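The values are calculated or read from the model by the stated rules, or taken from the named source; none is laboratory data. The structure displayed is predicted, hence computed values, not measured ones. Heads up, the Cβs are rebuilt from the backbone with ideal geometry, glycines too, and the neighbour counts pull from every protein chain shown. SASA here: full protein model, heavy atoms, side chains in, ligands and nucleic acids out. Shrake-Rupley method; radii C 1.70, N 1.55, O 1.52, S 1.80 Å.
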Amino acid sequence: MFKKILIPIDLTEVAISKPALDASMELALQSKGVLRLVTVETLLPASFMEYVPPEFDKSQEERASQALEQISAGLALPKDNISHAVRFGGIYVEILAEADEWGADLIVIGSHRPSMATYLIGSNAKTIVRHAKCSVLVIRA
Ligand code: ADP
């Protein structure tokens with residue numbers, strides 16, 4: 001049913017994406033679909049830029065890209081069926097933009113159990129569910 005599955009991954013907390021990756025893989029195998037892993041890196045404020053090396057953004061992107069490649073390599077799907085993207089900016093804004101641009105028909109998000117903190121400050125998962133144009137599956141870790 002779902003052919004283009006986007007999995008947002010927080011590289012600082014890969015463990016909560018594991019159940020989301022497992023579920024996505026099963027769905028992709030059933031539908032002969034494809035997966036795309038996306039991670040969003042934070043942009044440094046312009047005032048910090050003079051304190052970091054000139055190639056900072058590039059090396060941040062390369063590191064993130066390698067980390068996604070490593071995660072992809074551990075998935076039991078043909079490599080041609082997995083792609084990845086590194087984006088910079090606000091987390092849910094960039095995830096929603098990637099979903100639109102790539103034409104995802106499902107976003108699969110790993111999420112902690114709801115807590116008072118997430119009720120009060122909101123969470124990426126909640127905002128993505130609310131604003132995505134495609135279906136969203138939230139997998140509780
Ligand atoms: P909660 O677990 O409280 O719901 P979030 O709303 O941040 O926390 O949801 C966690 C999910 O959000 C992660 O599994 C991942 O799918 C996505 N996510 C969080 N940070 C990032 C990031 N930097 N890049 C990509 N996805 C992220």
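Let's test the formula: R0 of 30 Å, r as the Cβ-Cβ distance of Ser135 and Glu50. What FRET efficiency results, to the nearest 0.05?
Values: r = 44 Å, r/R0 = 1.46.
Calculated transfer efficiency: 0.10.
Suppose all protein chains stay in the model; what accessible area per residue would a 1.4 Å probe give for the stretch 4-140, in Å²?
58
Using a Förster distance of 22 Å, how high is the FRET efficiency between Leu77 and His112, based on the Cβ-Cβ distance and rounded to 0.05?
Plugging the Cβ-Cβ distance into 1/(1 + (r/R0)^6) gives 0.25.
Starting from the Cα of Lys3, draw a straight line to each of the lysines and keep only those under 18 Å, dropping any in the same chain fewer than 8 residues away.
Partners found: Lys32, Lys79, Lys133.
What is the dipole size for the chain, taken about its Cα centre, with +1 at each Lys and Arg Cβ and -1 at each Asp and Glu Cβ, in debye to the nearest 20? Spell out each step's value before the answer.
Numbers: 14 positive and 17 negative charges, 137 e Å.
For this selection, approximately 660 debye.
Which net charge results when you count Lys and Arg as +1 and Asp and Glu as -1 among the other residues whose beta-carbon is under 13 Å from that of Val138? Could you put the intermediate results ahead of the total?
On the way: positive: Arg113, Lys126, Arg130, Arg140; negative: none.
Summing Lys/Arg as +1 and Asp/Glu as -1 gives +4.
Relative contact order of the stretch 4-140: what whole-number percent is it, with Cα pairs under 8 angstrom and at least 6 residues apart?
33
With the cut-off at 1.5 for a/c, could you classify the chain from its C-alpha gyration tensor as rounded, prolate or oblate?
oblate
Residue by residue through the stretch 40-45, what is 3J(HN,Hα) from phi via Karplus (6.51 cos²θ - 1.76 cosθ + 1.60, θ = phi - 60°)? Round to whole Hz and write x for glycine and proline.
After applying 6.51 cos²θ - 1.76 cosθ + 1.60, I find 10, 9, 6, 7, 6, x Hz.
Reachable lysines from Lys58, Cα under 20 Å, same-chain residues fewer than 8 places away excluded?
Of all the lysines, none pass the test against Lys58 - Cα under 20 Å, at least 8 places apart if same chain.
Highest first, please rank the peptides 2-14, 18-30, 69-81 by the mean number of other Cβ atoms sitting within 10 Å of their residues.
Working: 2-14: 19.0, 18-30: 17.3, 69-81: 12.3.
Taking the mean over residues of other Cβ atoms within 10 Å, the ranking is 2-14, 18-30, 69-81.
For Lys18 and Gln66, calculate 0.36 nm times their separation in residues minus their Cα-Cα distance, and state this gained length in nm to one decimal. All intermediate terms of the calculation are to be shown ahead of the outcome.
Working: separation 48, 0.36 × 48 = 17.28 nm, distance 1.73 nm.
In short, 15.5 nm is gained.
Say R0 is 41 Å: what FRET efficiency, to the nearest 0.05, do Ser59 and Val93 get from their beta-carbon distance?
About 0.95, to the nearest 0.05.
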